[in-house]
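To keep things clear, I will list the structure first and then write my remarks on it.
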Amino acid sequence: MNAFEHASFSPVEILYGDHHAWLQGGLHRRLGNAADAADLAHDAFLRLLAAPRRFGSRPEARVYLRAMAGGLCVDLQRRRQIERAWLDALAARPDEQMPSAERQVMVLEALREIDAMLRSLPPKAASAFVMAVACDMSDREVAEELGVSARMVRKYVARAMLHCLRLEARQLAAEPPPCLPAAAPPPSTPTDRLRRAPDTA
């Protein structure tokens, strides 16, 4: 792209034209999956659209994009781990305790959102919360799984719940007030959906 063409495009359009194929190719080599690579490359440029940046050189832009792509790969791996953990938890249940397809989808969606909230917590606190709230495991079962006391499990779950509620409160406070009738219920949060998801077949 020559200097005249650069002057006719926005910074993100220039970055896309110069680096998209390179970024998607690098992601494909890393992930071994063309569809995932295309999705993550698309997500990277969506982030740049939301928060545009200017770079002093082509190498500087590629260093930034490579770092962003690394973070997106980690996020993808975490989502896949959550999906596998949820499927493993389902497989361990007797058929008569299997949640409905609707609940399975709702819980998985909520777990993905909550995962982002729990990243700043110690791993055992986050795991205890997911086991207790999403998998309906008792304090004793969670304690055996984590190698801690039932009392510590309750502390972990309370800490994680408080953390999620604080983050949800911040998100709701940052959103503009919706134009809803006075009697309309407030928007649901991930932990609300996890608790209220129907469990009937």
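Note on the stretch 21-38: residues that are within 25 Å of the chain's Cα centre (by Cα) and surrounded by fewer than 16 Cβ atoms within 10 Å (Cβ to Cβ) total 8.
Can you find a residue in the stretch 55-69 that is within 19 Å of the chain's Cα centre (by Cα), without any contact (Cβ under 8 Å) to a residue 24 or more places away in the chain and under 30 Å from Met137 (Cα atoms)? Full working, then the answer.
Step one: filter the stretch 55-69 for residues within 19 Å of the chain's Cα centre (by Cα), giving 67-69.
The next check asks that each one be without any contact (Cβ under 8 Å) to a residue 24 or more places away in the chain; those that pass are 67.
From what's left, under 30 Å from Met137 (Cα atoms): none.
So far as the stretch 55-69 goes, no, none of its residues is within 19 Å of the chain's Cα centre (by Cα), without any contact (Cβ under 8 Å) to a residue 24 or more places away in the chain and under 30 Å from Met137 (Cα atoms).
Could you give every pair whose Cβ atoms fall below 7 Å, whose first residue belongs to the stretch 93-114 and is closer than 21 Å to Ala128 by Cβ, and whose second residue is small (Gly, Ala, Ser) and in a helix (DSSP H, G or I), counting only separations of at least 6 or pairs across chains? Partner pairs satisfying both residue conditions: Val107/Ala134; Leu111/Ala134. Residue pairs whose Cβ atoms lie under 6 Å apart, sitting 6 or more positions apart in sequence or on different chains, and linking a residue in the stretch 30-51 that is over 14 Å from Gly71 (Cα atoms) and not assigned by TED's automatic domain parsing to the domain that holds Val74 to a partner that is surrounded by 12 or more Cβ atoms within 10 Å (Cβ to Cβ) and at pLDDT 95 or above, do not occur here.
Test Val107 against the stated conditions and say whether it is of a type in the set (A, V, I, L, M), more than 18 Å from the chain's Cα centre (by Cα) and not assigned by TED's automatic domain parsing to the domain that holds Asp39.
On the way: of a type in the set (A, V, I, L, M): yes; more than 18 Å from the chain's Cα centre (by Cα): no; not assigned by TED's automatic domain parsing to the domain that holds Asp39: yes.
It is false that Val107 is of a type in the set (A, V, I, L, M), more than 18 Å from the chain's Cα centre (by Cα) and not assigned by TED's automatic domain parsing to the domain that holds Asp39.
Does Glu83 satisfy being touching a helix residue (DSSP H, G or I) at 6+ places or on another chain (Cβ under 7 Å), under 22 Å from Val130 (Cα atoms) and surrounded by fewer than 17 Cβ atoms within 10 Å (Cβ to Cβ)? Taking the combined requirement at face value, the residue satisfies it.
The values are calculated or read from the model by the stated rules, or taken from the named source; none is laboratory data. From a predicted model like this one, the values you see are computed outputs, not experimental measurements. As a convention, Cβ positions derive from the backbone with ideal geometry for all residues, glycine included, and neighbour counts pool all protein chains shown.
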